[in-house]
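Enquirer: A single structure is presented below for examination.
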């Protein structure tokens, strides 16, 4: 995690994301790239547009540079930070910037989304989780330390790439890994069967400093959220399929639901 991208609109969640990113960079010896994206209003009169854009964009850049300076002075001691202001659509710009700087990780603040808004708009961070191809940490509040990582999984699935990434994450933070299987009424399995599968999973991937857990709940989302609270998890690591369009509306995403409803940071990795 040497090159960390932080989309920042200077809201409290995005400042929390910046704080956490600087903690990671301080530990890894890496650098933080802070990106502020400004979506300009549409103006149809060409003469007005030229005059408006020059003054408006200059003011926006000045205010943004001032805000950058404030958070860097407060939170980024002994950390290399690069800043950038770009104009355009947020999702496209974040994706392009991540590729341009060859980012290892995106850390993005989120307010979460609830009620009708969750099913119609969602949060920008939820959309970033769904669309980018590198790990994303969605965060509401920066943890003091990451000592306990919750890893929801299905041990009978082929998740080698994901599991190796989670092991790297665990090693980086020197944390305990809580491997979690959520047993639901819709996908019920006997504990005796699951216990064997979990033990085989731990052996196959040579896990260290870990616990194996079966948790019964009405849904996978509820099980992940409730178990994480129970063990006082500092971070949840899980996969996302990155579904879009009708497929996303039909099946949803467990990762995105957890991002919207849990307080601790969520690390997600997109499975193609």
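Enquirer: Set the Förster radius R0 to 45 Å, insert the Cβ-Cβ distance between residue 271 and residue 38 as r into 1/(1 + (r/R0)^6), and round the FRET efficiency to 0.05. Working shown, then result.
Expert: Working: r = 32 Å, r/R0 = 0.72.
Result of the calculation: an efficiency of 0.90.
Enquirer: Seen from all sides and averaged, what is the projected area of the convex hull of the Cα atoms in the range 148-270, in nm²? Walk me through the numbers on the way to the answer.
Expert: Numbers: hull surface 29.2 nm².
So the Cα hull casts an average projection of 7.3 nm².
Enquirer: So, one more: Take every Cα pair under 8 Å in the range 148-270 that's 6+ residues apart, average their separations, divide by the length, and report that relative contact order as a whole percent.
Expert: On the way: 168 pairs, mean separation 37.3, N = 123.
With pairs under 8 Å counted, the relative contact order is 30 percent.
Enquirer: At a 10 Å Cβ-Cβ cut-off, how would you order 5, 177, fewest neighbours first?
Expert: Values: 5 28, 177 23.
Fewest-to-most ranking of 5, 177: 177, 5.
Enquirer: Taking other Cβ within 10 Å of each residue's Cβ, how do 206, 1 sort, fewest first? Intermediate values should be presented prior to the final figure.
Expert: On the way: 206 7, 1 19.
Ordered by Cβ neighbours within 10 Å, fewest first: 206, 1.
Enquirer: With labels modelled as points extended 7 Å from the Cα through the Cβ direction, what inter-label distance (nm, one decimal) is found for residue 31 paired with residue 77?
Expert: Each label point lies 7 Å from its Cα, and together they span 2.3 nm.
Enquirer: Among 217, 23, what is the fewest-to-most ranking by other Cβ atoms within 10 Å?
Expert: The fewest-first ordering by Cβ neighbours comes to 217, 23.
We did not get these values from a lab; they are worked out from the coordinates using the rules stated. Computed from a prediction, not measured in an experiment: that's the story for all the values here. Cβ coordinates were reconstructed from backbone atoms using ideal geometry, including for glycine residues, and neighbour counts include every protein chain displayed.
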